[in-house]
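Heads up, the thing below is written out as structure tokens.
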Amino acid sequence: MAIANLNPRQSRRAAIGLLFGAIVAVMGAVALPVWLLHRHYDTALDDATDRLERYGRIAASRPVVAKQLEAMRAKDPRKFFLRSGAAALSAAEAQEALRSIVESGGGRLITVQAPVSKDDGRYRQITVNVQLTASVQAMRKILDGIENRAPYLFVDNLTIRSQVPSNFRPAPGAEPEMFMQFDVSGYSLTGQP
């Protein structure tokens, strides 16, 4: 049906319908962006409020964390690491510690070598290769001495071999000596963050 063929009553209805459609379109064009803008700011406000509450909880825990940090500093965790500085200084400290442990434990040191050091971030791993001979009781004392000292040292690649023939019968109260070879690793701080 063409608009020119409409009677006045139909023409008024069409005009009112078009006016109503235009009003709805204008209101939608204004209301939709306003609603989207409010939704955006509501979401941003909720996020900011949540973040503020989280930061408030973190700030409230500061005294507890400060107390824990002071307790950790009082324990002096640096004593568990080898001397900082050049790798050779750390290796020398580990070698000297091993020398004193072996001698006080009743063993006889054959060689002590520091073949490698490996940097890993702010830590440096120092490895020392040790060869010695000792009785079973002395071996026990030596390994216990390595385990229970500061700075911490870790035993790897432990090899123990008997140096006596299979038909050997020791005298009463005498123990045969064994050959031990192992790597001892310790860590030092490099000072890098």
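The values are calculated or read from the model by the stated rules, or taken from the named source; none is laboratory data. Computed from a predicted structure; not experimentally measured. Neighbour counts run over all protein chains shown; Cβ positions are idealised from the backbone, glycine included.
Within region 57-81, the only residue that satisfies the criterion of being in contact with a strand residue (DSSP E or B) (Cβ under 8 Å, 6 or more places away or on another chain) and either assigned to a loop (DSSP other than H, G, I, E, B) or loosely packed, with under 10 Cβ neighbours inside 10 Å (or both) is Phe81.
State yes or no: is Glu53 within 30 Å of Gly186 (Cβ to Cβ), of a type in the set (Asp, Glu) and over 20 Å from the mean Cα position of the chain (by Cα)? It is false that Glu53 is within 30 Å of Gly186 (Cβ to Cβ), of a type in the set (Asp, Glu) and over 20 Å from the mean Cα position of the chain (by Cα).
What do you reckon, is Ala31 surrounded by 10 or more Cβ atoms within 10 Å (Cβ to Cβ), in a helix (DSSP H, G or I) and not assigned by TED's automatic domain parsing to the domain that holds Pro151? When the stated conditions are applied, Ala31 passes them. Listed by first and then second residue, the pairs with beta-carbon distance under 8 Å, at least 6 apart or on different chains, first residue in region 22-34 and without any contact (Cβ under 8 Å) to a residue 60 or more places away in the chain, second surrounded by 10 or more Cβ atoms within 10 Å (Cβ to Cβ) and assigned to a helix (DSSP H, G or I), form an empty list.
Against the list (1) surrounded by 12 or more Cβ atoms within 10 Å (Cβ to Cβ); (2) of a type outside the set (A, V, I, L, M); (3) out of contact with any strand residue (DSSP E or B) (no Cβ under 8 Å at 6 or more places or on another chain), the condition Pro172 fails is (1). Only a single item in (1) in contact (Cβ under 8 Å) with a residue 60 or more places away in the chain; (2) in a strand (DSSP E or B); (3) more than 12 Å from Ser185 (Cβ to Cβ) is not met by Ser84, and it is number (2).
Checked against the criteria, Val102 does not count as closer than 25 Å to Thr190 by Cα, surrounded by 17 or more Cβ atoms within 10 Å (Cβ to Cβ) and more than 28 Å from the chain's Cα centre (by Cα). Filtering Tyr123, Tyr55, Tyr152 for residues that are in contact with a Ser or Thr (Cβ under 9 Å, 6 or more places away or on another chain) and of a type in the set (Ser, Thr, Tyr) leaves a single hit, Tyr123. Residue selection: Ile101 satisfies the criterion of being at pLDDT 85 or above and assigned to a helix (DSSP H, G or I).
Rundown of residues vs (1) at pLDDT 80 or above; (2) touching a helix residue (DSSP H, G or I) at 6+ places or on another chain (Cβ under 7 Å); (3) among the hydroxyl-bearing types (Ser, Thr, Tyr); (4) not assigned by TED's automatic domain parsing to the domain that holds Arg83, yes/no style:
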{"site": "Lys118", "(1), (2), (3), (4)": "yes, no, no, no"}
{"site": "Thr127", "(1), (2), (3), (4)": "yes, no, yes, no"}
{"site": "Thr133", "(1), (2), (3), (4)": "yes, no, yes, no"}
{"site": "Gln137", "(1), (2), (3), (4)": "yes, no, no, no"}
{"site": "Lys141", "(1), (2), (3), (4)": "yes, yes, no, no"}
{"site": "Thr159", "(1), (2), (3), (4)": "yes, no, yes, no"}
{"site": "Val164", "(1), (2), (3), (4)": "no, no, no, no"}
{"site": "Asp183", "(1), (2), (3), (4)": "yes, no, no, no"}
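Going through (1) more than 23 Å from the chain's Cα centre (by Cα); (2) on the phi < 0 side of the Ramachandran plot one by one, Asn157 falls short only on (2). Taking the numbered list (1) in a strand (DSSP E or B); (2) touching a residue at least 40 places away in the same chain (Cβ under 8 Å) in turn, Ile142 passes all entries but (1).
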